[in-house]
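Engineer: Mind having a look at this structure? Questions to follow.
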Amino acid sequence: MQTTDYRIAADIGGTFTDVACLSSEGLLITAKVPSTPHDYAEGILVGIRQIADQLSMNADSFGQLLHASTIATNAILESKGAKTGLVTTEGFRDVLELRRIRVPKLYEPLYEKPRPLVPRRRRYEVTERLDAQGSVIRPLDEAGARAVGRALAQEGVEAVAICFLHSYVNAEHERVVKQILREELPESCFVSASCDVLPEIREYERTSTTVVNAYVGPVVRTYLEKLVQRLEDAGFDGNVLMMQSSGGLLDVAQVLERPATVVESGPAAGVVGAARLGLAAGYADIITFDMGGTTAKASLIQDGRVVATDDYEVGGGISMSSALAKGGGYALRLPIIDVSEVGAGGGSIVRIDAGGVLKIGPESMGAVPGPACYDKGGEQATVTDANVVLGYLNPTALAAGTVPVNAARAKEAIDRIVCRPTGIDLLDAAYGIHRVANATMMRAVKAVSTYRGRNPRDFTLLAFGGNGGMHAAALARELNIGRVIVPPGAGVFSAVGLLVADYEMGRSVSFSLVLSDDRTEELEKAFHDLEESILAEMGREKAPALSRFVQLRYRGQGSELGVAVPEGQIVQETLQTLSRNFEDEHKRSYGYVNENGLIELVTIRVVASLPPAREPRVSSVAGLGEAEAETTRNAYFGAASGLLETPVITRMALTETPRPGPLIVEEYEGTTIVPPDCQAWRDSYNNIVIQLEAEEPHDGQL
């Protein structure tokens, strides 16, 4: 018998799978189990069974599973997506090669652009042409399109992307070719048309986004179908919802139509949780820091709202959305929570390069074999091994004893890989690894703050992920951030974020308008038509909340800024408000306002959202209990502080009275380090608050 009193969520990371459950009374129950790359569903089922056992329930009692995964991201980063073809307008075969003029490394003459996801031999042209108003200049050659379909079938492609010039105003040619390809290609072939994925202006971004959608489509489809089947075999017959990159949940069946919407599924869940739970505790301006086993991610929350973008790149060493630093990845122009990601996590591999310089990542030891200290065959030193040597991590076991640790293996790996080639002392080598990892992760934080005109000092750093609490205070010091928050369940916080997320669907279309023009009725009708199409597609009994957004720019600019549209029918005053809000955002982002510039509207977007049936609220956390007996162990905090005998405590041992560092706070899901020059306390929401400057606690208030 299923129960709706509990929501259960699962987030799959490179090293661990996190599962969380929230009862209607606000009780949070969590489980952290090793990821199972051979069959990710196995790890989810193990976590569900652990939580069911704690609740004395059957594993098939939950009526809904909320899910986040990096399956789409990994397919791109590891070049393991589908064998993909591209069909485009004659003369535009090389759009993917030409890209944009920007490169991420200005002074690197030997820089090479990422290889296109579709090689040139699988990019086909079709005779057809529309003008910018959608009028036909050259009719579609249907016989030629059919010949292309047969050629793609002979190539054995698993997915095809279709992108014709100006199809965002007239999709007829794309839809005809899509039908032809469905007739010529195997039924299993994933066919994606830009008019369905991104009906917006900009040829390269639209082509790249459609190609990404096709490239990850078969991978995501296989993964989700297998997951649903495994869950059904285990007796679970409830609904499965997946987190989108925009921060909203969506039915699996709808995700399969546009799989590119889940490329940053996992990171988005943690940011949503930080925004909801952080605001409840009084923290409105936050920089999130999510450090897992493979990557570290950062995002910005301002005035309690997540910052979203549709100007994103995935791949290229750092996935980011800053307009000031791009060109190193694949353009993905879909609404995505502004998350920047670098290849530095607990499992990131440590090495000395040919010049004798210490390097970390982006390669990771993953879940199997894992860091050397896990004693599962891993021979490479990792960031986790360094934290064991420093005394930050428990030298015998993690996750309440479920993950054994062999400290001797960590010391041997670092000694062999770092100490012997460089002559550096073991503790100094481990501390150097810790600091280099922090320097690498600082790039992600700056990408969502400094590069977007925000000063990190004006924000609180909210740390989560299995390794976030260990590096957060040191990272905050480097960025001049004065306060760090480590929430309950930090080690499984992305799963917690799933529990508080809304059901959401969004769509956008191109719409050209100068704000000084009097075309309010035309704009209102365009928004109304888009809203009607979303409501029809959602098919939900309960009416969702509808939010409107526009993309604006000064005439002549090459990029836009997103601005929310005030509620109510659009009138001339609405356009004036949009103009003022755009100038405010432009000032924050770029430092100036063009007082004489015409402001253009380029794209309109509508988001429909439904909150959970019950308001999600975490009032207590299973396993926190009472404060346990305090122990100590030696921990190294650099040459200035040296090796210190450090108290090892639980979260509940902290009170509202500040306690000076150094401290090590050990929990089931992770470990938090409070350096010697900091103080920490526990606020009324059970958050660990670390203050880098002496200050009286404010019980959650900034």
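Engineer: Return the total of residues in the stretch 566-609 being β-branched (Val, Ile, Thr) and either open to solvent by 80 Å² or more (accessible area, probe 1.4 Å) or within 29 Å of the chain's Cα centre (by Cα) (or both).
Structural biologist: Looking only at that region, the number is 5.
Engineer: Can you tell me which condition Ala132 does not meet? The list is (1) surrounded by fewer than 18 Cβ atoms within 10 Å (Cβ to Cβ); (2) in contact with a Lys or Arg (Cβ under 9 Å, 6 or more places away or on another chain); (3) not hydroxyl-bearing (Ser, Thr, Tyr); (4) not in a helix (DSSP H, G or I), and all the others hold.
Structural biologist: All conditions are met except number (2).
Rundown of residues vs (1) in a loop (DSSP other than H, G, I, E, B); (2) surrounded by 20 or more Cβ atoms within 10 Å (Cβ to Cβ); (3) modelled with pLDDT under 85, yes/no style:
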site	(1), (2), (3)
Asn634	no, no, no
Ala640	yes, no, no
Met652	no, no, no
Val665	no, yes, no
Ile673	no, yes, no
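Engineer: I need the full set of residues from the stretch 340-387 which are acidic (Asp, Glu), open to solvent by 30 Å² or more (accessible area, probe 1.4 Å) and not in a strand (DSSP E or B), in order please.
Structural biologist: Asp353, Asp375, Glu379
Engineer: Right, something else. In the list Ile318, Ile301, which residue meets the criterion of being modelled with pLDDT of 90 or more and over 17 Å from Ser69 (Cα atoms)?
Structural biologist: None of the other options fit; the residue is Ile301.
Engineer: Just to be sure I understand the filter: pairs with C-beta atoms under 6 Å, separated by 6 or more residues or on different chains, first member in the stretch 353-364 and within 24 Å of Gly315 (Cα to Cα), second member in a strand (DSSP E or B). Which pairs pass?
Structural biologist: Asp353/Lys359; Lys359/Arg351; Ile360/Ser348; Ile360/Val350; Gly361/Ser348; Glu363/Ile349; Ser364/Ser348
Engineer: Say whether the condition of being in a helix (DSSP H, G or I) and under 28 Å from the mean Cα position of the chain (by Cα) is met by at least one residue in the stretch 537-560.
Structural biologist: Yes, the stretch 537-560 contains a residue that is in a helix (DSSP H, G or I) and under 28 Å from the mean Cα position of the chain (by Cα).
Engineer: Being open to solvent by 10 Å² or more (accessible area, probe 1.4 Å) and either within 23 Å of Leu475 (Cα to Cα) or at pLDDT below 95 (or both) narrows it down to one of Leu461, Leu390, Leu426, so name that one.
Structural biologist: Leu426
Engineer: For the stretch 143-170, enumerate the residues that are open to solvent by less than 30 Å² (accessible area, probe 1.4 Å) and within 31 Å of the chain's Cα centre (by Cα).
Structural biologist: Val157, Ala159, Val160, Ala161, Ile162, Cys163, Phe164, Leu165, Ser167, listed by residue number.
Engineer: Here is a further query. When Ser512 is evaluated against the numbered criteria (1) assigned to a strand (DSSP E or B); (2) on the phi > 0 side of the Ramachandran plot, which criterion, by number, is the only one it fails?
Structural biologist: (2)
Engineer: Here's a follow-up. Specify the residue that is surrounded by the fewest Cβ atoms within 10 Å (Cβ to Cβ); the eligible residues are those in the stretch 511-534 that are touching a residue at least 24 places away in the same chain (Cβ under 8 Å) and under 30 Å from the mean Cα position of the chain (by Cα).
Structural biologist: Per the stated criteria, the residue is Ser533.
Engineer: Return the residues of the stretch 397-415 that are part of a loop (DSSP other than H, G, I, E, B) and either at pLDDT below 90 or under 19 Å from Pro362 (Cβ atoms) (or both); say none if nothing qualifies.
Structural biologist: Ala399, Ala400, Gly401, Thr402
Engineer: Inspect the stretch 26-35 for any residue being part of a loop (DSSP other than H, G, I, E, B) and either over 26 Å from the mean Cα position of the chain (by Cα) or farther than 22 Å from Val368 by Cα (or both) and give the result as yes or no.
Structural biologist: Yes, some residue in the stretch 26-35 is part of a loop (DSSP other than H, G, I, E, B) and either over 26 Å from the mean Cα position of the chain (by Cα) or farther than 22 Å from Val368 by Cα (or both).
Engineer: On to the next question. So, in the stretch 53-76, of the ones that are in contact with a strand residue (DSSP E or B) (Cβ under 8 Å, 6 or more places away or on another chain) and part of a helix (DSSP H, G or I), which residue ends up farthest from Ala501 (Cα to Cα)?
Structural biologist: Taking the candidates together, the pick is Ile76.
Engineer: From the set of residues in the stretch 84-112 that are of a type outside the set (Val, Ile, Thr) and surrounded by 15 or more Cβ atoms within 10 Å (Cβ to Cβ), which is farthest from Val148 (Cα to Cα)?
Structural biologist: Looking at the filtered set, the residue picked out is Pro104.
Engineer: I'd like to know if the stretch 440-447 contains one or more residues that are open to solvent by 20 Å² or more (accessible area, probe 1.4 Å), in contact (Cβ under 8 Å) with a residue 60 or more places away in the chain and closer than 22 Å to Phe637 by Cα.
Structural biologist: Checked against the condition, which is being open to solvent by 20 Å² or more (accessible area, probe 1.4 Å), in contact (Cβ under 8 Å) with a residue 60 or more places away in the chain and closer than 22 Å to Phe637 by Cα, the stretch 440-447 yields at least one hit.
Engineer: Just to verify a result, which residue in the stretch 675-696, among those that are open to solvent by less than 40 Å² (accessible area, probe 1.4 Å), polar (S, T, N, Q) and assigned to a loop (DSSP other than H, G, I, E, B), is modelled with the highest pLDDT?
Structural biologist: For the stretch 675-696, the residue satisfying everything is Asn687.
Engineer: Another question, if that's okay. I'd like the residue in the stretch 222-279 that is free of Cβ contacts under 8 Å to residues at least 40 places away in the same chain and of a type in the set (Asp, Glu) and, out of all such residues, is surrounded by the most Cβ atoms within 10 Å (Cβ to Cβ).
Structural biologist: If we take residues in the stretch 222-279 being free of Cβ contacts under 8 Å to residues at least 40 places away in the same chain and of a type in the set (Asp, Glu), then Asp251 is surrounded by the most Cβ atoms within 10 Å (Cβ to Cβ).
Engineer: Taking the condition of being over 21 Å from Val405 (Cβ atoms) and in contact with a helix residue (DSSP H, G or I) (Cβ under 7 Å, 6 or more places away or on another chain), how many residues in the stretch 29-39 meet it?
Structural biologist: 1
So that you can scan it fast, the table gives a plain yes or no per residue for (1) among the acidic types (Asp, Glu); (2) part of a loop (DSSP other than H, G, I, E, B); (3) touching a helix residue (DSSP H, G or I) at 6+ places or on another chain (Cβ under 8 Å):
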position	(1), (2), (3)
Gly81	no, yes, yes
Gly85	no, no, yes
Glu97	yes, no, yes
Arg100	no, yes, yes
Glu108	yes, yes, no
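Engineer: Quick check, is Val445 within 30 Å of Thr36 (Cβ to Cβ) and touching a strand residue (DSSP E or B) at 6+ places or on another chain (Cβ under 6 Å)?
Structural biologist: no
Engineer: Could you tell me which numbered condition Pro139 fails, if it satisfies all but one of (1) over 17 Å from Thr84 (Cβ atoms); (2) crowded, with 18+ Cβ neighbours inside 10 Å?
Structural biologist: Checking Pro139 against (1) over 17 Å from Thr84 (Cβ atoms); (2) crowded, with 18+ Cβ neighbours inside 10 Å, the one that fails is (2).
Engineer: Hey, could you check the stretch 196-209 for residues that are crowded, with 23+ Cβ neighbours inside 10 Å and among the hydrophobic types (A, V, I, L, M, F, W, C) and say which is farthest from Asp310 (Cα to Cα)?
Structural biologist: Across the stretch 196-209, the extreme among qualifying residues is Val197.
The values are calculated or read from the model by the stated rules, or taken from the named source; none is laboratory data. Every value quoted in this text rests on a predicted model; they were computed, and no experiment measured them. Counting neighbours? That spans all protein chains shown, and the Cβs are built from the backbone with ideal geometry, glycine included. For the accessible areas, the whole protein counts, side chains as well, though only heavy atoms, and no ligand, DNA or RNA atoms are used. Shrake-Rupley method; radii C 1.70, N 1.55, O 1.52, S 1.80 Å.
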